[in-house]
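Below is one structure, written out as C-alpha cells; comments come after it.
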Amino acid sequence: MIELRVPLGLLGTSESGSIILWLYKDGDLVKQGEIVAELLVEKTTIEIESPKNGILNIKMETEIPVSEGDLLAVII
C-alpha cells in the first residue's frame, strides 16, 4: 500500500490548494506514472502521478482545501 499525499514544498507560498479533478474513479486500476489527479494551487494546475500499479482508493474529494502532507488517496 502506497499513500498519495500532497508533496511538501508543492504549495509554495499558498497555504492550500484543492483537487480539481480525479481522472480515475475510486476502485479503478491505475498504472505507475499515470496521472490520477489534478491539483490547483494559485491558478496553476499540478498533475499527481501514481507511484505504482494498483487499485486507487480516493480519500479526498474534489474542491476541498488541502495542505502539504494531506492524504489524497491510497494505491493498494
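Let's see how each residue does on (1) surrounded by 15 or more Cβ atoms within 10 Å (Cβ to Cβ); (2) within 11 Å of ARG5 (Cα to Cα); (3) not hydrophobic (A, V, I, L, M, F, W, C):
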residue: GLY33; (1), (2), (3): no, no, yes
residue: VAL36; (1), (2), (3): yes, no, no
residue: THR44; (1), (2), (3): no, no, yes
residue: LYS52; (1), (2), (3): no, no, yes
residue: GLU63; (1), (2), (3): no, no, yes
residue: SER67; (1), (2), (3): no, yes, yes
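I'd like to check something: does the stretch 6-16 contain any residue that is of a type in the set (A, V, I, L, M, F, W, C), part of a strand (DSSP E or B) and in contact with a Leu (Cβ under 9 Å, 6 or more places away or on another chain)?
No, because not a single residue in the stretch 6-16 is of a type in the set (A, V, I, L, M, F, W, C), part of a strand (DSSP E or B) and in contact with a Leu (Cβ under 9 Å, 6 or more places away or on another chain).
Considering only residues that are surrounded by 12 or more Cβ atoms within 10 Å (Cβ to Cβ) and more than 13 Å from ALA73 (Cα to Cα), look in the stretch 1-20 and name the one that is modelled with the highest pLDDT.
ILE20
Scan the stretch 48-59 and give yes if some residue there is among the charged types (D, E, K, R), within 11 Å of the chain's Cα centre (by Cα) and within 18 Å of GLY9 (Cα to Cα), otherwise no.
There is at least one residue in the stretch 48-59 that is among the charged types (D, E, K, R), within 11 Å of the chain's Cα centre (by Cα) and within 18 Å of GLY9 (Cα to Cα).
So, of the residues in the stretch 31-51 that are in a strand (DSSP E or B) and of a type in the set (Ser, Thr, Tyr), which turns out to be nearest to ILE20 (Cα to Cα)? If you could, list the steps in order and put the result at the bottom.
Pass one, the stretch 31-51, residues in a strand (DSSP E or B): 35-41, 44-49.
Next, only the ones that are of a type in the set (Ser, Thr, Tyr) stay: 44-45.
On the way: THR44: 11, THR45: 9 Å.
Taking the candidates together, the pick is THR45.
If I ask for residues that are more than 14 Å from LEU21 (Cα to Cα), modelled with pLDDT of 95 or more and of a type outside the set (A, V, I, L, M), which ones from the stretch 52-76 would you list?
LYS52, ASN53, GLY54, ASN57
The values are calculated or read from the model by the stated rules, or taken from the named source; none is laboratory data. Computed from a prediction, not measured in an experiment: that's the story for all the values here. Quick reminder, even Gly has a Cβ in these numbers, built from the backbone with ideal geometry, and neighbours come from all protein chains shown.
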